[in-house]
Every structure is written in C-alpha cells, then in structure tokens.
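J.: Below is the structure I would like to discuss, written out as structure tokens.
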Amino acid sequence: MHEMAICQALLDKVEALQRPPDSLVKRVKLSVGPLSGVEAALLAHAYPLAIAGSIAEGSSLEIVHGAVWVRCDSCGAESQASSNQLSCRACGNWRTELVSGDELLLLAVEFECCAETGNV
C-alpha cells in the first residue's frame with residue numbers, strides 16, 4: 001500500500017512548515033486527482049497510522065477530489081474529461097493534452113496553538 005508512504009511523505013512536509021511554537025496540526029487538506037494513482041479511501045485509512053506520535057496526531061485529513069481537464073490539440077479548447085476518455089468535449093478529437101487530473105496537492109494545513117496551560 002503506497003498510500004502509507006504518501007502519508008509519511010506528507011507528514012514530513014507538514015513538519016517542515018514554519019508554524020507557531022508549540023502548535024499542533026488540526027487539519028490537512030489535499031487535492032487528489034483521479035489519474036494520480038492514489039486511492040483516496042486507502043489514503044484516508046493510512047493517515048491516522050502515519051501521524052501517530054507526531055505533531056499531526058489527532059488531526060483530520062480532508063480530501064478534495066480533483067477533476068480531469070484536457071486541452072485539445074486540434075481546436076485548442078480546454079474541457080473536463082472522464083478518466084477513461086480524454087477526448088475533447090468541444091470537437092470530439094482524441095488528440096488532447098492532460099492539463100490536470102494527475103496531481104496530488106497539499107492545499108492547506110491548519111494549526112492549533114497550545115494555550116499557556118499546555119492544553120490544546
């Protein structure tokens with residue numbers, strides 16, 4: 001399950017972010033494209049295991065499902081496409097270039113600062 005490795009790499013990126021002292025991660029928001037090769041359900045399942053004992057322990061993972069967009073080589077139109085049919089919606093040409101849909105993007109990280117009492 002490569003989703004665990006993805007979660008661990010994500011945690012490395014989150015831990016490297018500049019953040020207020022003694023802050024903890026409250027929420028992580030990701031965009032997962034349908035052609036990214038990442039199974040969102042497996043990613044969500046692996047996340048709590050990967051963050052155990054880290055500054056992100058107890059945080060939530062919000063997954064936004066991206067869309068597939070293509071640019072037509074013939075007419076130049078950009079249109080949304082399905083994962084298994086990357087043809088142009090404007091003219092029907094199958095010669096298209098992928099614009100988006102294969103990405104895995106870290107969109108946002110929300111931190112929560114600890115109060116002076118040490119409570120979150």
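Bear in mind that the values in this text are calculations on the coordinates, not laboratory data. Quantities reported herein were computed from a predicted structural model and do not represent experimental measurements. Note: ideal-geometry Cβ built from the backbone for every residue, glycine included; neighbour counts use all protein chains shown.
Residue-by-condition table, conditions (1) surrounded by fewer than 16 Cβ atoms within 10 Å (Cβ to Cβ); (2) under 17 Å from the mean Cα position of the chain (by Cα); (3) charged (D, E, K, R); (4) part of a strand (DSSP E or B):
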residue: Pro48; (1), (2), (3), (4): yes, yes, no, no
residue: Glu57; (1), (2), (3), (4): yes, no, yes, no
residue: Leu61; (1), (2), (3), (4): no, yes, no, yes
residue: Gln80; (1), (2), (3), (4): yes, no, no, yes
residue: Gly92; (1), (2), (3), (4): yes, no, no, no
residue: Leu98; (1), (2), (3), (4): yes, no, no, yes
residue: Leu106; (1), (2), (3), (4): yes, yes, no, yes
residue: Val109; (1), (2), (3), (4): no, yes, no, yes
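J.: Could you list all residues from segment 9-20 that are exposed (fewer than 15 other Cβ atoms within 10 Å of the Cβ) and either in contact (Cβ under 8 Å) with a residue 12 or more places away in the chain or under 16 Å from Ala108 (Cβ atoms) (or both)?
T.: Taking segment 9-20 and keeping what is exposed (fewer than 15 other Cβ atoms within 10 Å of the Cβ), we get 9, 12-13, 15-18, 20.
Across segment 9-20, the qualifying residues are Lys13, Glu15, Ala16, Leu17, Gln18, Pro20.
J.: Output yes when any residue across segment 31-40 is in contact with a strand residue (DSSP E or B) (Cβ under 7 Å, 6 or more places away or on another chain), surrounded by fewer than 14 Cβ atoms within 10 Å (Cβ to Cβ) and in a strand (DSSP E or B), and no when none is.
T.: Residues of segment 31-40 that are in contact with a strand residue (DSSP E or B) (Cβ under 7 Å, 6 or more places away or on another chain), as a first pass: 31-36, 38, 40.
Next, from what is left, pick out any that are surrounded by fewer than 14 Cβ atoms within 10 Å (Cβ to Cβ): none.
Looking through segment 31-40, none of the residues is in contact with a strand residue (DSSP E or B) (Cβ under 7 Å, 6 or more places away or on another chain), surrounded by fewer than 14 Cβ atoms within 10 Å (Cβ to Cβ) and in a strand (DSSP E or B).
J.: Something else about it: Working only within segment 8-29, note down all residues that are touching a Phe, Trp or Tyr at 6+ places or on another chain (Cβ under 7 Å) and either part of a helix (DSSP H, G or I) or among the polar types (S, T, N, Q) (or both).
T.: Result: Ser23, single match.
J.: Just one of the numbered conditions (1) under 25 Å from Ser100 (Cα atoms); (2) over 17 Å from the mean Cα position of the chain (by Cα) is not true of Arg19; which one?
T.: That leaves (1) as the condition not met.
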